[in-house]
Amino acid sequence: MPYTPGASLGGRRVDLGAVSLGMVDSAGVAWHLQELEGWDSAEVRAEYSAREADHGSWASPTYLGHRPITLAGKIEASSLPVLDSAMEQLIAACSLTDTTLTVYETTPKQATVRRSGQTLLRHITDRVASFSLLVTAEDPRRYSTVLQTQTTALPSTTGGLSVPLTVPLTISTTTVAGSIILTNTGSIATRPTFTLEGPVTTPTITVQYPDGTVRALVYSSSIDAGDELVIDTDSHTVELNGSVSRRLYLSGQWPEIPPGTAVEIGWYANSYHSAARLTGTCRSAWL
């Protein structure tokens with residue numbers, strides 16, 4: 001049967017790279033999604049040691065493992081050449097390199113996946129084929145599709161004047177707080193990324209939690225004008241201009257943003273420069 005390009009096929013929509021399962025694409029190909037397995041739960045790593053001369057076991061800390069995900073369904077096309085082209089498109093989308101998998105739930109979520117099994121495609125007729133794909137997310141968290149981004153300059157106060165005048169005279173001040181707010185509305189802690197733009201010398205980044213506790217990261221070197229330092233608190237990397245590791249110069253505690261929590265992120269440096277900037281980014285994360 002003919003399908004209208006851009007139409008939904010009902011049920012769940014899932015994007016694997018450029019292929020939208022559960023939708024009709026611009027060529028009129030209908031991508032039916034019939035199975036989505038593994039999206040609801042990741043693997044779990046835990047160990048249990050029997051208690052000696054007692055009931056039960058001692059439990060180790062529990063961590064999520066990788067997340068294997070199976071996608072299965074069928075493809076309907078207007079002709080055999082169109083079907084063959086769609087099948088090749090799906091093979092390419094199920095890539096050996098990082099690919100974004102997006103699941104359109106009430107709150108859309110995404111994961112970064114790679115092909116981890118054989119891509120199974122079978123012709124049913126000259127216009128219909130079935131498919132089954134296995135991909136795996138090394139990071140088991142399911143992230144919001146919305147990237148939070150906040151930027152601030154170094155803290156400063158300018159303007160204002162105190163003089164012995166009795167007339168109604170107001171000279172206001174301008175204050176830059178040097179802080180931003182990032183929020184995790186999900187169900188598991190997420191980890192922010194910080195980008196620092198120079199010039200700035202020995203910057204310190206602080207993360208303050210609702211209970212008043214603070215975690216700090218100190219970069220014991222300088223960032224020149226035009227340079228950019230990226231601190232990834234998940235991978236624990238510190239890179240200057242996207243290529244040079246500066247991990248040696250960073251000390252402190254790697255921060256996380258707990259689920260259902262907003263944190264205040266501030267920074268300061270040995271000296272003030274108006275061009276210096278701190279940008280914090282994160283995505284809410286779910287189990």
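A few remarks follow.
- Along each principal axis, Cα extent of segment 25-166, largest first, Å: 91, 65, 27
- Taking a ≥ b ≥ c as the square roots of the eigenvalues of the Cα gyration tensor, an a/c ratio of 1.5 or more together with a/b no larger than b/c marks segment 235-287 as oblate.
- Cα gyration tensor, segment 84-157 - rounded (a/c under 1.5), prolate or oblate: prolate
- Sites listed here are GluC sites (Glu not before Pro) in segment 1-50 whose DSSP assignment is loop and whose Cβ has at most 11 other Cβ atoms within 10 Å: E47.
- Accessible-area rank, largest first, for V44, V230: V44, V230, with all protein chains present and a 1.4 angstrom probe.
- Nearest-ten-degree value, helix 80-93 long axis tilted from longest Cα axis of the chain: 40 degrees
- Measuring between their Cα centroids, segment 13-37 and segment 227-250 lie 37 Å from each other.
- Shape category assigned to the chain from the gyration tensor of Cα positions, a/c cut at 1.5: prolate
The values are calculated or read from the model by the stated rules, or taken from the named source; none is laboratory data. Quantities reported herein were computed from a predicted structural model and do not represent experimental measurements. With ideal geometry, Cβ positions are generated from the backbone for all residues, glycine too; neighbour counts draw on all protein chains shown. Only protein heavy atoms, including side chains, enter the accessible area calculation; ligands, DNA and RNA are left aside. Shrake-Rupley method; radii C 1.70, N 1.55, O 1.52, S 1.80 Å.
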